[in-house]
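For reference, the structure discussed in these notes is given below.
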Amino acid sequence: MQDKELLDLSQYRIKKQRIAEEQIDELYQQAFQYSLKETNIREKVRAKMLFAKRFQLKEPSMVSKKAEDVFHQWFLFDYKTIKGQTLFFQFLQSRKLSAPVKMMGALLLTAPPEPLMVTDIHSGDNEVLITAEHIIHDQKECVKTTGERVSEEIQPGSLSFMRKVPLVTDQWLIGPVFQAGSNDVQAEIKKHYHQKNHETGVLWRTFLKEEAPSYILKGQS
């Protein structure tokens, strides 16, 4: 009887995880479309100018598809509007969401693109489990995503920036994955973070929200 109860609980958690994956993917897609279609031109022009200046790119337009994609993620999650809010926060405020989806939104609101050294990729049931090493805490991370996303975006041995959120049983990948400009930047990121942390007390996630694009785009100008 106890084994059956444990099995039922395990199946229930797996089901809840899959529902949460679908809900947060839908939330992300809606927010992304909101940033593209419901933001005025003045705000977009301001954001592109700030992005180009902050990350030392040619202005006013981005110089590559990678830079354009990084900009769109930064624009949604990390750019502060004239009102001092992120677009993702404004999107959450503009929608009537259930309590569980609001909680997912809060998790995504604070999730930075995080550099992880990919060590293994395991595929199954149209989902992929990515095993990676955290470059600061020296611990293993496991992140799930859908099967079709891995072949081009993520490779073992690469330093990959991933935005991930903890759901019911697993961490789930949100949005695109970006390769670091070079695997050599790993030491540079660690040195820069420790220096900033010592000087200002900045925490890892806040540091990444401010600095990650510069390491993703390193080598572009």
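The values are calculated or read from the model by the stated rules, or taken from the named source; none is laboratory data. Only a predicted model underlies this, so the values are computations on that prediction, with no experimental measurement involved. With ideal geometry, Cβ positions are generated from the backbone for all residues, glycine too; neighbour counts draw on all protein chains shown.
Results, tabulated for the structure shown:
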read-out	value
Test result for Gln179, modelled with pLDDT under 90 and touching a strand residue (DSSP E or B) at 6+ places or on another chain (Cβ under 8 Å)	yes
Filter result (farther than 20 Å from Glu210 by Cβ and modelled with pLDDT under 90) within the range 42-91	Lys58, Pro60, Ser61, Val63, Ser64, Lys65
Per-region count, the range 177-221, residues part of a helix (DSSP H, G or I) and either of a type in the set (S, T, N, Q) or in contact with a Cys (Cβ under 8 Å, 6 or more places away or on another chain) (or both)	6
Any hit, the range 172-188, residues being closer than 23 Å to Gln17 by Cα and in contact with a Gly (Cβ under 9 Å, 6 or more places away or on another chain)	no
From Ile154, Ile189, residue being outside the structural domain of Met104 (by TED's automatic domain parsing), surrounded by 19 or more Cβ atoms within 10 Å (Cβ to Cβ), of a type outside the set (Lys, Arg) and modelled with pLDDT of 90 or more	Ile189
Output for the range 98-117, where each listed residue is loosely packed, with under 14 Cβ neighbours inside 10 Å and either acidic (Asp, Glu) or assigned to a loop (DSSP other than H, G, I, E, B) (or both)	Ser98, Thr110
Any chance Ala31 is closer than 22 Å to Gly175 by Cβ, at pLDDT 90 or above and not assigned by TED's automatic domain parsing to the domain that holds Asp170	yes
For Thr169: the one exception among (1) part of a helix (DSSP H, G or I); (2) of a type in the set (S, T, N, Q); (3) closer than 26 Å to Lys102 by Cβ	(1)
Check on Glu21, surrounded by 14 or more Cβ atoms within 10 Å (Cβ to Cβ), in contact with a strand residue (DSSP E or B) (Cβ under 7 Å, 6 or more places away or on another chain), in contact (Cβ under 8 Å) with a residue 12 or more places away in the chain and among the acidic types (Asp, Glu)	yes
